[in-house]
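Where a number appears in this text, it was derived from the coordinates with a stated rule and is not lab data. Just so you know, these numbers come straight off a predicted model, no measurement behind them. Here the Cβ positions follow ideal geometry from the backbone for every residue, glycine too, while neighbour counts run over all protein chains shown.
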Amino acid sequence: MTQDHATATDRVQAMRDAFDSTFSVAPPTAGDPPEDLLAIGVGQAPYALRLSEITGLYANKPVTRLPGTSPELLGIAGFRGTIVAVYDLRVLLGAEATEPSRWLVLAAPDSTVGFAFDRFEGHLRVSRDAIATHAGGEGTRLGAQETIQLADVVRPIVRVPALLEAINVTKESQEKES
Amino acid sequence: MTKDWTFSRRIVAGFSAMVVLIIAVGLISVVALNSVVSSKDHVINVNYRLLLDAQSLSTASSEANAANRGFLLTGEKTYLTQLSTARQAFQTNFSDMQANNNTATERRLAGAIQQSEKGHVQAVDAAIALRTPGISLAAIDLVFSSPADTATRNQLDAAISAFVANEEKLLASARQASTNDTSTAFTLVLVIAIAAAILAAIFAFFLTRSLRRRIATAVGEMKSSSAELQATANQQASGAKEQATAMNEISTTISELLATSRQIAESAQRVAQVAEQTAGAGRKGEVTVNKAQTSITDIRRQVDVIVDHMLELGEKSQRIGAVLEIVTELSEQTNILAINSTIEAAGAGEAGKRFAVVADEIRKLADRVADSTKEIRGLIDVVRSAVNTTVMAIEIGSKAVDAGSEQFGDVAQAFDEIATLVSTTTDAAREIELSTKQQSTAVEQVNVAISDVAQSTKEAEVSSSETYQTASQLAALSESLGRLVEAGAAGQGHG
């Protein structure tokens, strides 16, 4: 127990030192700036989103379903007076939907489309060199041709513009059909 | 009926018959002899006496006549005295003779003698009166030749002679009668004696035959009995030997039993001592159990307190978990806020870089809080699990304590029962010790008795041998007796 207490004290001191050093050390200027990613979970699979491709992260946001809509469109939600169409990222990525999605992000640049997913697993700040690019593959349509590997977990990076494009393509085809 | 008579009874009956015959023969002989003697006595006492008396009368008469004649011749008085004595003798003899007269003839002849004697006395007295001193011879001759004297004297002699003749006739007749009686008695005695001899012979024959049969049967039975007695004596001797062997084995076994009984007595004594020690240990154990039961009651109370504290700790941990949910929610919202701040700072361009640093730190703090809350949640889960496990373990322990308390109660009761049983065991061990000692004494007595029996068995063996020898001798004797009986029967058959 004494050992555990000592470990906790050390951790507190380390956290304090890290916090203090953040404000005492000058920000790095040389080299490429790091890439901020949002680690998420869709179904049972891990994914990542670029922080630069979204305008906000929200939890437990109520979504109003719309009648006769496509299966990937969960409904609409209100954000500061703006109506946002919320799409189910599980349907878009081909994952199985078992429970209601708790998390939601708004897509950049105009924040009129939101994507709902199951889990928010954290914020990742990685160098651009850590991102691997893959040519072709099934995820091309949704933009999942880049991956980031941290520890033993490999996360495909979902590109929000690709998702928007796919939604628009689907929307146009539905409009043509109708 | 006589077939059922015993040997001695038959002998007694035979000898009794013989005695009866002898007595009968004797009585008859006595009667016959008495008759003969009476007849002879009558001849001697009556007939001969009367004859002698008659002859004495004749003698006295002759003596009186001689005295008379002497006086007449000499004139001497002495002759007168003789004459008087002769007359007295005559009277005495006559009186005796007259007393013995039985027949009328005798009395008549006696009367004639008396009359003749009286006449003769008168004639003699007359002659004596004539004889005076100085008388002449002629006168004396005249007196001598007096017809009265001679006549009376002849008459007297004739009367006496007649009487004698009669008596001689009676004597002859009585002698003949006596001889006849003697012959009759002899014949009777002879006949009776022959008859008795024949009856005795018949009795002896039948008695001998009967006794021979009985003796032969008895000898046969004695033979078979001797044989059986020999066989029995043999069996008895072999049985006595086997019994002696068995007695020796029994004696050995009883000695071992005696040793075992003594060992049992010593063991019982040790058991009694151990039981007393056990009783003491049981009492100490009972005290210890009572103390342990009291301690268990205290432990039960403390366990209840611990359970209450643990349940309270579980509730507190649940409350901590609830608070932690709030912290988690706050850290999550902080994280969301930090991320959104980072996005906003990135959108602000160069002006938002410093704010981006702050937002990044806020995000890091939120991540750390989230990590800490996860860690705390894990610790709380561990604590709750430990509390649940502890409560369950305490419950199990509490039940174990209850069971232990009950078991201690059972143990205390068992100790009571043990104490009672140990007391019973002590008493039983003492009784066993006492009984075993008594048994040892009894076994010793039995051993002595067995020794006596063994000695008696040896004596019985010797006695059986002697019995066997006696039976052999008895068999030989019965053989000899049988041969004697057979020989006697053969001799009788040949005779």
- Query: Rounded to two decimals, what ratio of Rg to Rh does chain A give with C-alpha atoms and a Kirkwood Rh?
  - Reply: 1.07
- the stretch B:462-477 and the stretch B:349-391 have their Cα centres apart by a whole-number Å value of 129 Å
- Message: If I take R0 = 22 Å and measure r between the Cβ atoms of B:GLN413 and B:ARG300 in this structure, what FRET efficiency does the formula 1/(1 + (r/R0)^6) give, to the nearest 0.05?
- Response: 0.70
- Item | Nitroxide proxy distance, nm - points 7 Å out along Cα→Cβ at B:ALA227 and B:ARG107 | 9.0 nm
- Roughly how tilted is helix A:2-24, in degrees to the nearest 10 and between 0 and 90, from the longest Cα axis of chain A? 70 degrees
- Task: Estimate the FRET efficiency between A:ALA132 and B:SER405 by the formula 1/(1 + (r/R0)^6), using the beta-carbon distance for r and 60 Å for R0, to the nearest 0.05.
- Result: 0.30
- Message: Testing the spin-label approximation: label points 7 Å from Cα along Cα→Cβ at B:GLU266 and B:GLN88. State their distance in nm.
- Response: 13.1 nm
- Query: Between B:VAL274 and B:GLN438, what FRET efficiency comes out of the Förster formula 1/(1 + (r/R0)^6) with R0 = 30 Å and r the beta carbon distance, rounded to 0.05?
  - Reply: 0.85
- Task: Name the long-range amide H neighbours of A:VAL86: under 5 Å, sequence gap of 5 or more, or other chain; modelled H, no Pro or chain starts.
- Result: A:LEU74, A:GLY75, A:ILE76, A:ALA77, A:GLY114
- Message: Students often get this wrong: which residues of the stretch B:393-414 have the backbone nitrogen under 15 Å from the point 7 angstrom along Cα-to-C-beta of B:VAL307?
- Response: B:393-406
- Restricting attention to the stretch B:1-86, which chymotrypsin sites (Phe, Trp or Tyr not before Pro) occupy a DSSP loop and are surrounded by at most 15 other Cβ atoms within 10 Å? B:TRP5
- Message: Run the paramagnetic zone check for A:LEU150: 7 angstrom along Cα to Cβ, then residues of the stretch B:335-370 with backbone nitrogen under 16 Å.
- Response: B:335-336, B:338-340, B:342-343, B:360-370
- How far apart, in nm, are the 7 Å Cα→Cβ label points at A:GLN44 and B:ALA348? 4.3 nm
- Out of residues 5 or more away from A:GLY56 or on other chains, whose amide H comes under 5 Å of its own, with H placed 1.01 Å from N in the peptide plane? A:LEU106
- Query: Which ³J(HN,Hα) values, rounded to whole Hz and listed in residue order, are derived for the stretch B:54-59 from phi using the Karplus coefficients 6.51, -1.76 and 1.60 in 6.51 cos²θ - 1.76 cosθ + 1.60 with θ = phi - 60°, glycine and proline given as x?
  - Reply: 5, 5, 5, 4, 5, 5
- MRE, 222 nm, helices only [DSSP H, n ≥ 4, -39500 (n - 2.57), over the protein assembly as shown, to nearest 500]: -28000 deg cm²/dmol
- Over 25 Å (Cα to Cα) - which of B:LYS316/B:LYS364; B:LYS284/B:LYS437; B:LYS77/B:LYS118; B:LYS40/B:LYS169 fall in this group: B:LYS316/B:LYS364; B:LYS284/B:LYS437
- Checked the stretch B:2-225 against the a/c 1.5 cut and the a/b vs b/c comparison, axes a ≥ b ≥ c from its Cα gyration tensor; verdict prolate
- Item | Counted charge near B:GLY111, where neighbours are those whose Cβ lies closer than 11 Å (Asp, Glu -1; Lys, Arg +1) | +1
- Query: In whole Hz, what ³J(HN,Hα) sequence does the stretch B:271-285 give by Karplus (6.51, -1.76, 1.60; θ = phi - 60°), x for Gly and Pro?
  - Reply: 4, 4, 5, 4, 5, 5, 4, 4, 4, x, 5, x, 5, 4, x
- In degrees, nearest ten, helix A:160-177 long axis to first principal axis of chain A (Cα): 10 degrees
- Query: Which aspartates and glutamates have a Cα less than 19 Å from the Cα of B:LYS241, not counting those fewer than 8 places away in the same chain?
  - Reply: B:GLU249, B:ASP452, B:GLU459, B:GLU461, B:GLU466
- Provide the net charge surrounding B:THR390, with neighbours chosen by a C-beta distance below 15 Å and charges set as Lys +1, Arg +1, Asp -1, Glu -1. -3
- Antiparallel as a % of all DSSP beta bridges within the protein assembly as shown, to the nearest 5? 85 percent
- Query: So how much slack lies between B:GLN445 and B:ASN180, counting 0.36 nm per residue of separation and subtracting their Cα-Cα distance, in nm?
  - Reply: 86.0 nm
- Item | Cα gyration tensor, the protein assembly as shown - rounded (a/c under 1.5), prolate or oblate | prolate
- Item | Within chain A, percent of DSSP bridges classed antiparallel, to nearest 5 | 85 percent
- Which trypsin sites (Lys or Arg not before Pro) in the stretch B:209-313 pass both tests, a DSSP loop state and at most 13 other beta-carbon atoms within 10 Å? none
- Item | the stretch B:17-111: GluC sites (Glu not before Pro) in DSSP coil with no more than 13 other Cβ atoms inside 10 Å | B:GLU76
- Item | Global geometry of the stretch B:228-494, whether rounded, prolate or oblate, following the gyration tensor of its Cα atoms and the 1.5 cut on a/c | prolate
- Task: May I ask for the longest run of chain A untouched by trypsin sites (Lys or Arg not before Pro) that are loop-located per DSSP and have at most 13 neighbouring C-beta atoms (other than their own) within 10 Å?
- Result: A:81-178
